[in-house]
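For reference, the structure is listed below as structure tokens.
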Ligand SMILES: C[S@@+](CC[C@H](N)C(=O)[O-])C[C@H]1O[C@@H](n2cnc3c(N)ncnc32)[C@H](O)[C@@H]1O
């Protein structure tokens, strides 16, 4: 049993080897809850960094009629997302960008959704720290190192028994009580 737990922990925290990106989608029940937690307002701009099949941006656009951008590096996921947005009737609201999240400027985001391995999340921190005050980050399964979530929800969502959703309000307060805002120098 201990061995199984250790293997799981290693898999969850070790950087994915190049070409082995995690492509598991967020269960739709968790997507629904994440979109609720994001407290999306009319006129908000939404991003999903590493959007997979587009389910999060599509759900946000369908529920709230907001502009939503999904970014993915994998061309197959990009075409799947575009098809899904069309099928879901929100292709006018949803833009799917084929590209690298580390080269993406999302400073105009009101909400950023994330489902990325811990090492990928860590690399994104300098960009996340530049998000505007009042914006929100909602992450699935993995939290952001050093940032204190405003909400943590654990539970079963759809087919997945043990999931965690983290919601962060920007500016964030880290574990040392430091406020991270637009004017805090990057680490
Ligand atoms: C675990 S999936 C999550 C998909 C979707 N956000 C969801 O929650 O269902 C992570 C996605 O991030 C994408 N990804 C990983 N690294 C990336 C990078 N550097 N730039 C853009 N996309 C990336 C992968 O191709 C994959 O589709």
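Tabulated values for the structure
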quantity: Simple spin-label estimate for residue 119 and residue 83 in nanometres, 7 Å along Cα-Cβ; calculated: 3.1
quantity: Where only alpha carbons of segment 28-180 are counted, the Rg and the Dmax (Å); calculated: 14.5, 46
quantity: Spacing of the two label points (7 Å from each Cα toward its C-beta) at residue 97 and residue 159, in nm; calculated: 3.1
quantity: Per-pair calculated FRET efficiency, R0 = 22 Å: residue 22 and residue 108 via Cβ, rounded to 0.05; calculated: 0.25
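Values quoted throughout were computed directly from the atomic coordinates according to the rules given, and no laboratory measurement underlies them. Predicted model, so just to flag it, every value in this text is computed and none were measured. Don't worry about glycine lacking a Cβ; one is built from the backbone with ideal geometry, like all the others, and counts go over all protein chains shown.
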